[in-house]
Amino acid sequence: LLLPASLTSRLDAIAAKYVNPTDRLTEAMRLVQDEIRYVSLSIGNGAILPRSPTEVMATGYGDCKDKALLLASSLRYLGIEAVVALTDLDNGNFIADLPPSLLAFDHAIVKARLNNNDIWLDATDFSQGGRGFAIGQPHFGYALPLLSGNGELAKMPDFYPHSPTQVTEEEYTLPTADIGPMSIKVITTFTGPDADWYRKKIANETEADLARRYTDYYAGKFPGLTSTAVLKVTDNRDINLFVVEENY
């Protein structure tokens, strides 16, 4: 599959900067997820056939098929085994019980091999944190990797967090004198899928809007409450850690 120079130049830069396949996979995924806008083109041939990477890069957008093909092609260019796989967003767990049919699928993702283990990637997602296997993998049930052979379905991994992915700590400081204001510090830590969710939220809302809603929430509990500091947001995307600090 011929890749355009606009893409290979970016991939060559990734290859030059990163030797580790984990880093190459992460950077290629972020390129496709964050810089190619997801737009569904479910009319005509676009309902079945993916557009070429050349067209997708030229237009800057693509649907799930387009983005999955672009990501799989990019990974293979970087020396990482990868194929497009078909699944169903809502009924993926039941695909194995259905007779063979193209109508069993409504979504395209990517199955790659990293350090001799499978890793699943959804190119239509965006702003995901973590690197390599720390990236949140999609879990739709079953998927059909588009490989030559007998066309066997593959079971995708389920996700069960072993610890809370959102923790909120509230610190109340009472006045030392008989009269005076009480101060409140609220620190909320997001990890894993909740960090991904909050990163998307920040991308679609201003920090001022978030700060106003948070202030309104605590003002409902403590009439007369006012904010004493600008909302502080810290994002470490590589370890997928998001921290929000509020002060009142």
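The values are calculated or read from the model by the stated rules, or taken from the named source; none is laboratory data. Every value quoted in this text rests on a predicted model; they were computed, and no experiment measured them. Cβ: placed from backbone, ideal geometry, glycine included. Neighbour counts: every protein chain shown. Heavy atoms of the whole protein, side chains included, go into the accessibility calculation; ligands, DNA and RNA do not. Shrake-Rupley method; radii C 1.70, N 1.55, O 1.52, S 1.80 Å.
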Point to revise | Search result, residues across segment 145-199 that are surrounded by 13 or more Cβ atoms within 10 Å (Cβ to Cβ) and at positive phi | key: Gly192
Review point. Among the residues of segment 155-167, is any touching a Phe, Trp or Tyr at 6+ places or on another chain (Cβ under 6 Å) and part of a loop (DSSP other than H, G, I, E, B)?
Key: yes
Point to revise | Residues that are at pLDDT 90 or above and either aromatic (Phe, Trp, Tyr) or open to solvent by less than 60 Å² (accessible area, probe 1.4 Å) (or both), drawn from segment 205-231 | key: Asp209, Leu210, Ala211, Tyr214, Thr215, Tyr217, Tyr218, Ala219, Phe222, Leu225, Ala229, Leu231
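Before we move on, is Leu225 of a type in the set (A, V, I, L, M, F, W, C) and touching a helix residue (DSSP H, G or I) at 6+ places or on another chain (Cβ under 9 Å)?
So Leu225 passes the test.
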**Study point:** Failed item, numbered, when Glu246 is tested on (1) assigned to a helix (DSSP H, G or I); (2) acidic (Asp, Glu); (3) open to solvent by less than 60 Å² (accessible area, probe 1.4 Å)
**Key:** (1)
Exercise for review: Could you check segment 18-119 for helices (runs of 4 or more DSSP H) lying wholly inside it with 1 or more residues that are among the aromatic types (Phe, Trp, Tyr) and open to solvent by 20 Å² or more (accessible area, probe 1.4 Å)?
Suggested key: 64-77
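Identify, please: which residue in segment 1-51 is of a type in the set (Val, Ile, Thr) and closer than 22 Å to Lys111 by Cβ and is, among those, modelled with the lowest pLDDT? Talk me through it step by step, then tell me what you get.
Taking segment 1-51 and keeping what is of a type in the set (Val, Ile, Thr), we get 8, 14, 19, 22, 26, 32, 36, 39, 43, 48.
Okay, now just the ones that are also closer than 22 Å to Lys111 by Cβ, so 14, 22, 26, 32, 36, 48.
On the way: Ile14: 98, Thr22: 98, Thr26: 98, Val32: 98, Ile36: 97, Ile48: 83.
Filtering segment 1-51 for residues that are of a type in the set (Val, Ile, Thr) and closer than 22 Å to Lys111 by Cβ, the one modelled with the lowest pLDDT comes out as Ile48.
May I ask you to verify whether Arg10 is in a helix (DSSP H, G or I), open to solvent by 70 Å² or more (accessible area, probe 1.4 Å) and among the basic types (Lys, Arg)?
Values: in a helix (DSSP H, G or I): yes; open to solvent by 70 Å² or more (accessible area, probe 1.4 Å): yes; among the basic types (Lys, Arg): yes.
Taking the combined requirement at face value, the residue satisfies it.
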